[in-house]
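Data block below; observations after.
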Amino acid sequence: MTTTAGRVRGSGPVLHPRICAALTAVSCLVHLWLAGAGHHQAWLGILMIGLAAVCIPCTVHIWRHSKVGALHQVTISALAMVGLHAVLLLGAGGSGHAHGGGPSSNVGDTSGAVGLLLVIGLEITTALLAATLVARLRRSRMTRVAVAS
């Protein structure tokens, strides 16, 4: 199979890596948007920009080549973000999740909780797509090796 640029693309899934890369790119854009919106303290904004910068190369590697290493990094990063946002959602030991000096989230104010749940859902979906793509690529590789033998 050749691409529009005339390069030969290896056999394997095409739509699955594209969806995974697109979702990872969406996550990067959300981090950049949140950093620019100023809802968080400056150091958190800088951290979010750094996280997006780390994820962008993985997005490119997944889109172009379905690199297993990039998929592992995306899976681990997404699961770490799920854990972090779950701790923030649950109140980090009762202290709540404060945005830029605003009030901590609590049961009565669910606006912050809804946002955190959306982020957790996005990250779980990203991790699931990346992990299932790794499994598909390994199964495909094992099938090719078995056929070649």
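The values are calculated or read from the model by the stated rules, or taken from the named source; none is laboratory data. No experiment lies behind these values; they were computed from the predicted model shown. Reconstructed Cβ throughout: ideal geometry from the backbone, glycine too, with neighbour counts over all protein chains shown.
The set of residues in the stretch 119-130 that are surrounded by fewer than 18 Cβ atoms within 10 Å (Cβ to Cβ) and within 17 Å of His72 (Cα to Cα) comprises Ile124, Thr125, Leu128. Exactly one residue among Val119, Val134, Val107 is farther than 20 Å from Val14 by Cβ and either modelled with pLDDT of 90 or more or part of a helix (DSSP H, G or I) (or both), and that residue is Val119.
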